[in-house]
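The values are calculated or read from the model by the stated rules, or taken from the named source; none is laboratory data. The structure displayed is predicted, hence computed values, not measured ones. So basically every Cβ, Gly included, is an ideal-geometry build from the backbone, and we count neighbours across all protein chains shown.
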Amino acid sequence: MPTVAEIMVAAFRRHGVTDVFGQSLPSAFFLAAEKAGIRQIPYRTENAGGAMADAFARVSNRIALVGAQNGPAATLLVPPLAEAMKASSPVIAIVQEVPVSQRGRNAFQEFDHVALFASCTKWVKQLDDPTRINDYVDMAVTIATTGRPGPVALLVPRDVLLMDVEQTEVIARTSQMGGFPLDRSRPDGARVVEAAKLLAEAVSPLIVAGGGVHLSGAVKALGQLQELSGIPVATTNMGKGAVSETHELSLGVIGNALGAKAPNYLTRPLVEDADVVLFVGTRTNENGTDAWKLFPRDATYIHLDVDGVEIGRNYQAVRLVGDARLGLEDIIAELGKIDLTRRDQSRPCAASRIALAKTAAAVDVEQLRANQPSNKLTPQYVMSILNEHLKADDIAVADASYSTLWMSNYLTAKSAGQRFISPRGLAGLGWGLPMAMGAQAAFPDKRVVCISGDGGYGHVWAEMEAAVRSNQPIVSVLLNNSILGFQKHAELNSFSEFTTAIPFSPVDHAAIARAVGAQASRVTTPAELETALKAAFSGSQFFLIEVITDADSYPAIAAWDSNPPETIR
Ligand SMILES: Cc1ncc(C[n+]2csc(CCOP(=O)(O)OP(=O)(O)O)c2C)c(N)n1
Ligand SMILES: [Mg+2]
């Protein structure tokens, strides 16, 4: 007679699950999973395991599972689930519960997990009736993947997992889900007609693509719309790669890092001059809109999003509630029926403005390379060299803080659909390395590059051991400026001083990496950087490149233009 754990594993296999992030708990579940051929990908901390699952889901468009014990382990899942919630990532947390017979008696590590996960999941439920196991698995999968995707938590009491149940008693299910979006819905047809008309008749329209374009698999449709309409496309940090940044109508990433020193600063007028803006799959959050200052007040907005709550939150808009791919296809179909003379006429002008901005950006990068101090590399320089090594189907992952902005501003999306993953749901430190591990687990044959700061890396050093154990050939680039960089500069900007917690003691990260069996190189010169990158990219093992970087460098955060941190000291 099979146990509930075994039936649960079979149910997840039915949904196409091949990998689970875990640390052996709940034991009955993982023992059954490994016997059934599901690979357990180990984490050192639950924080990291949840972030791995999040990235796995984002890059693969499949649900991702993470397991954890009750109590303290479960509490460590809160941060990654909160990030997944804000970033619309369908992570399924399998959390052990105390045995039903011990409930409410202060059992070992007993905690109210329903209350714990209420704020950071779409759904949290405890399985009590063993015959309903298939119902609960399917409910978890459905809720994670339908509508706006997001995390769920399935609580499984230790004793229920071990129960033997007659197959005949278990409510059977046969549906195969596991991919997302599970259900695609079309926006209101009349509003699509209205939107197409607005786009056709605009003087200088703009499309802004968020992470929802990747989640919906709408990259191809967006490229078709860009080509057909000749409308320039910008992306948010999470939308980066939704269009190829080598396309003549692609602006690159816009948002809070579009300050005066940004390489793509000259794209800013194209945003500020827009009279019609089409948002696709974006929350119009603070950073993506430069604190809602970037877009013109008097523009007309159209917003296509699966979550109607996001539409009109910050910009009153023509409401296109629905799947990004279907919505874009509907707009394309409507544009096919109307006169696009205006769009055809405006395309060369938009393209030449963008070309000018890109030429200026290239000059900017040339200059920073020429003026590079020989013993102290700037992150801009490191990123521009890394960009040369990155191929069109490589995956780049960045930690929060400056790393995300260095990636957005200095790495080029060389193909439509190339992925650039960052924890921009909540921008927490320490997500970079585990997200790279999750992406690598989803695509073992792809090159995954991780960019982190030393503060964020300190949250997750231990995960290097897990990456080595899992034979993950990640190229991990650590920008070691020996400070909490953003924190220091933000404090200088706001208070003209900073606290004593900002500088770190010297840390030899390369030595830590070697101690856990990884390859590593500590880099201080351009020549050493080049050698290390060549070795890392041609190798097949986890490779940490620790670059000692200039602590005074910071990305072009627009809010600091009027009061740059360096002038305050
Ligand atoms: C979990 C978490 N704690 C604190 C912060 C606030 N914070 C944002 S950036 C930053 C400094 C990051 O330093 P580091 O990782 O070294 O990157 P750098 O800015 O130096 O490149 C801090 C403390 C955060 N975003 N997430
Ligand atoms: Mg730092």
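How about region 130-148: which of its residues are over 32 Å from the mean Cα position of the chain (by Cα) and buried (at least 19 other Cβ atoms within 10 Å of the Cβ)? Full working, then the answer.
Residues of region 130-148 that are over 32 Å from the mean Cα position of the chain (by Cα), as a first pass: 130-132.
Selection gives P130 alone.
Listed conditions (1) part of a loop (DSSP other than H, G, I, E, B); (2) not assigned by TED's automatic domain parsing to the domain that holds S216 are all met by D339, apart from (2).
Does T267 qualify as being in contact with a helix residue (DSSP H, G or I) (Cβ under 8 Å, 6 or more places away or on another chain), surrounded by fewer than 22 Cβ atoms within 10 Å (Cβ to Cβ), within 25 Å of D344 (Cβ to Cβ) and hydroxyl-bearing (S, T, Y)? Criteria not met by T267. Output the residue which, of all residues in region 386-402 that are away from ligand 1 (no atom under 14 Å from the Cβ) and either charged (D, E, K, R) or surrounded by fewer than 18 Cβ atoms within 10 Å (Cβ to Cβ) (or both), is nearest to the chain's Cα centre (by Cα). Per the stated criteria, the residue is D394.
For the condition among the aromatic types (F, W, Y), buried (at least 20 other Cβ atoms within 10 Å of the Cβ) and closer than 20 Å to I557 by Cα, what is the one hit in F279, F295?
The match here is F295.
Between P205, P181, P151, the distinction of being in contact with a strand residue (DSSP E or B) (Cβ under 9 Å, 6 or more places away or on another chain), surrounded by 20 or more Cβ atoms within 10 Å (Cβ to Cβ) and outside the structural domain of S250 (by TED's automatic domain parsing) belongs to P151 only.
Every residue, every condition in (1) touching a helix residue (DSSP H, G or I) at 6+ places or on another chain (Cβ under 6 Å); (2) touching a residue at least 60 places away in the same chain (Cβ under 8 Å), yes or no:
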position	(1), (2)
T174	no, yes
A190	no, no
V208	no, yes
Q226	no, no
N237	yes, yes
A260	no, yes
E272	no, no
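From L492, L478, which residue is within 16 Å of ligand 2 (Cβ to nearest atom), surrounded by 20 or more Cβ atoms within 10 Å (Cβ to Cβ) and more than 19 Å from V460 (Cα to Cα)?
Going through L492, L478 in turn, the sole match is L492.
Restricting to region 161-178, name every residue that is in contact with a strand residue (DSSP E or B) (Cβ under 8 Å, 6 or more places away or on another chain) and either surrounded by 15 or more Cβ atoms within 10 Å (Cβ to Cβ) or closer than 16 Å to L335 by Cα (or both). Within region 161-178, L161, L162, M163, V165, G178 meet the criteria. Among the criteria (1) in a helix (DSSP H, G or I); (2) within 16 Å of ligand 2 (Cβ to nearest atom); (3) over 17 Å from A51 (Cβ atoms), the one F498 does not fulfil is (1).
Any idea which residue in region 403-420 is surrounded by the most Cβ atoms within 10 Å (Cβ to Cβ), counting only those that are within 16 Å of ligand 2 (Cβ to nearest atom) and closer than 16 Å to R58 by Cβ? Let's see the steps before the verdict.
Taking region 403-420 and keeping what is within 16 Å of ligand 2 (Cβ to nearest atom), we get 403-407.
Keeping just the survivors that are closer than 16 Å to R58 by Cβ gives 404, 407.
Values: T404: 29, M407: 27.
The residue in question is T404.
Out of P473, P423, one residue alone is more than 15 Å from ligand 2 (Cβ to nearest atom) and over 30 Å from S562 (Cα atoms). It is P473. Is it the case that some residue within region 485-497 is over 22 Å from A559 (Cβ atoms), more than 8 Å from ligand 1 (Cβ to nearest atom) and not charged (D, E, K, R)? The answer is no, given that none of the residues of region 485-497 is over 22 Å from A559 (Cβ atoms), more than 8 Å from ligand 1 (Cβ to nearest atom) and not charged (D, E, K, R).
Report yes if some residue within region 78-90 is away from ligand 1 (no atom under 16 Å from the Cβ), small (G, A, S), touching a helix residue (DSSP H, G or I) at 6+ places or on another chain (Cβ under 7 Å) and assigned to a strand (DSSP E or B); otherwise report no. Please lay out each step first, then the result.
First, the residues of region 78-90 that are away from ligand 1 (no atom under 16 Å from the Cβ): 88-90.
Within this subset, residues satisfying the condition of being small (G, A, S) are 88-89.
Subset that is touching a helix residue (DSSP H, G or I) at 6+ places or on another chain (Cβ under 7 Å): 88-89.
Then drop every residue that is not assigned to a strand (DSSP E or B), which leaves none.
Taking every residue of region 78-90 in turn, none turns out to be away from ligand 1 (no atom under 16 Å from the Cβ), small (G, A, S), touching a helix residue (DSSP H, G or I) at 6+ places or on another chain (Cβ under 7 Å) and assigned to a strand (DSSP E or B).
For the condition assigned by TED's automatic domain parsing to the domain that holds L386, surrounded by 22 or more Cβ atoms within 10 Å (Cβ to Cβ) and within 16 Å of ligand 1 (Cβ to nearest atom), I512 does not qualify. Based on this model, can you work out whether K446 counts as in contact with a strand residue (DSSP E or B) (Cβ under 7 Å, 6 or more places away or on another chain), part of a loop (DSSP other than H, G, I, E, B) and away from ligand 1 (no atom under 14 Å from the Cβ)? For K446, the condition - in contact with a strand residue (DSSP E or B) (Cβ under 7 Å, 6 or more places away or on another chain), part of a loop (DSSP other than H, G, I, E, B) and away from ligand 1 (no atom under 14 Å from the Cβ) - is met. I'd like to know if region 443-458 contains one or more residues that are within 12 Å of ligand 2 (Cβ to nearest atom) and farther than 23 Å from L81 by Cα. Yes.
Regarding A462, is this residue within 16 Å of ligand 2 (Cβ to nearest atom) and out of contact with any Gly (no Cβ under 7 Å at 6 or more places or on another chain)? For A462, the condition - within 16 Å of ligand 2 (Cβ to nearest atom) and out of contact with any Gly (no Cβ under 7 Å at 6 or more places or on another chain) - is not met.
Among the residues of region 347-356, none qualifies, meaning not one is touching a Lys or Arg at 6+ places or on another chain (Cβ under 7 Å), in contact (Cβ under 8 Å) with a residue 12 or more places away in the chain and more than 16 Å from ligand 2 (Cβ to nearest atom).
Restricted to region 403-436, and to residues that are more than 9 Å from ligand 1 (Cβ to nearest atom), among the polar types (S, T, N, Q) and not in a loop (DSSP other than H, G, I, E, B), which residue is farthest from N237 (Cα to Cα)? This residue is N409.
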